[in-house]
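The values are calculated or read from the model by the stated rules, or taken from the named source; none is laboratory data. What you see is a predicted model; the values in this text were computed from it and never measured. Please note: Cβ atoms are built from the backbone with ideal geometry, for glycine as well, and neighbour counts cover all protein chains shown. The accessibility values were calculated without ligands, DNA or RNA, using every heavy atom of the protein model including side chains. Shrake-Rupley method; radii C 1.70, N 1.55, O 1.52, S 1.80 Å.
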Amino acid sequence: KHYPLLSKSKPPGLQFRATCQMGDKIYVHGGCDFCENDILPSSDGDEVWEFNITKRQWRHIKTAGKSPGPRTGHSMFPWKGDLYLWGGMMEERSGTPRRYYFTKLYKLNMTGKGPVYKWEVVKTRSQEPIGREEYAGVLYKGK
């Protein structure tokens, strides 16, 4: 059975974005548009969108703070009511093409009062792992 989308807005159709579920909501961030360019993150690639599974509605999440920036091939996961984002890459094409692999861990504080949620860089107690894209990761016992 087909269930129609009940919202007028929706995220742009991008590939290699980060997606995760928290409760009855699905969150997406980043991605690239192969129709517009090869693997450059889209100008929309730093947006966070929320899909309410129960209501079948998309909502653009307003954010502030130190955002992770546009990227592709990264991961996002929920932990204790907040969203965490790590990894991915961005390709720069001005001059000599270069790829940047991200190593910082970001947290989007979803437990605060909306309508604007705040990004922050998570300070880690150990060395950051080498940046990568298109990988699999899991949260195990809070680590």
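Highest GNM mean-square fluctuation among Val121, Val28, Val48, for the chain modelled with Cα contacts below 10 Å: Val121. Name the residues whose placed amide hydrogens come within less than 5 Å of the amide hydrogen of Thr63, ignoring near sequence neighbours (fewer than 5 apart) on the same chain. Those qualifying (amide H under 5 Å, at least 5 residues apart or on another chain) are Tyr117.
A cut-off of 5 Å between modelled amide H atoms, ignoring neighbours fewer than 5 places along the same chain, links Met22 with Tyr27. Think of each Lys and Arg Cβ as +1 and each Asp and Glu Cβ as -1; about the Cα centre, that makes the dipole of the chain roughly 700 debye. Between Glu120 and Thr96, the modelled label-to-label distance comes to 3.9 nm, taking each label 7 Å out from Cα in the direction of the beta carbon.
The HN-Hα couplings worked out from phi for segment 120-128 by the Karplus form 6.51 cos²θ - 1.76 cosθ + 1.60 (θ = phi - 60°) are 8, 7, 7, 7, 9, 8, 9, 5, 5 Hz, whole numbers, x standing for Gly and Pro. Of the solvent-accessible surface of segment 72-143, computed with a 1.4 Å probe over protein heavy atoms with every protein chain present, carbon and sulfur atoms account for 54 percent. The phi torsions of segment 88-103, fed into the Karplus equation with coefficients 6.51, -1.76 and 1.60 and a -60° offset, translate into couplings of x, 8, 9, 10, 9, 10, 7, x, 7, x, 9, 9, 10, 9, 8, 10 Hz, rounded to whole numbers, with Gly and Pro shown as x.
Separation of the alpha carbons by more than 32 angstrom is noted, of Lys66/Lys141; Lys8/Lys141; Lys10/Lys104; Lys10/Lys113, for Lys8/Lys141. Relative to the 2.2 N^0.38 Å rule of thumb, the chain has a C-alpha radius of gyration ratio of 1.07. Farthest towards the positive end of the charge dipole of the chain, among the residues Gly87, Cys20, Gly31, is the Cα of Cys20, using unit charges on the Cβ of Lys, Arg, Asp and Glu.
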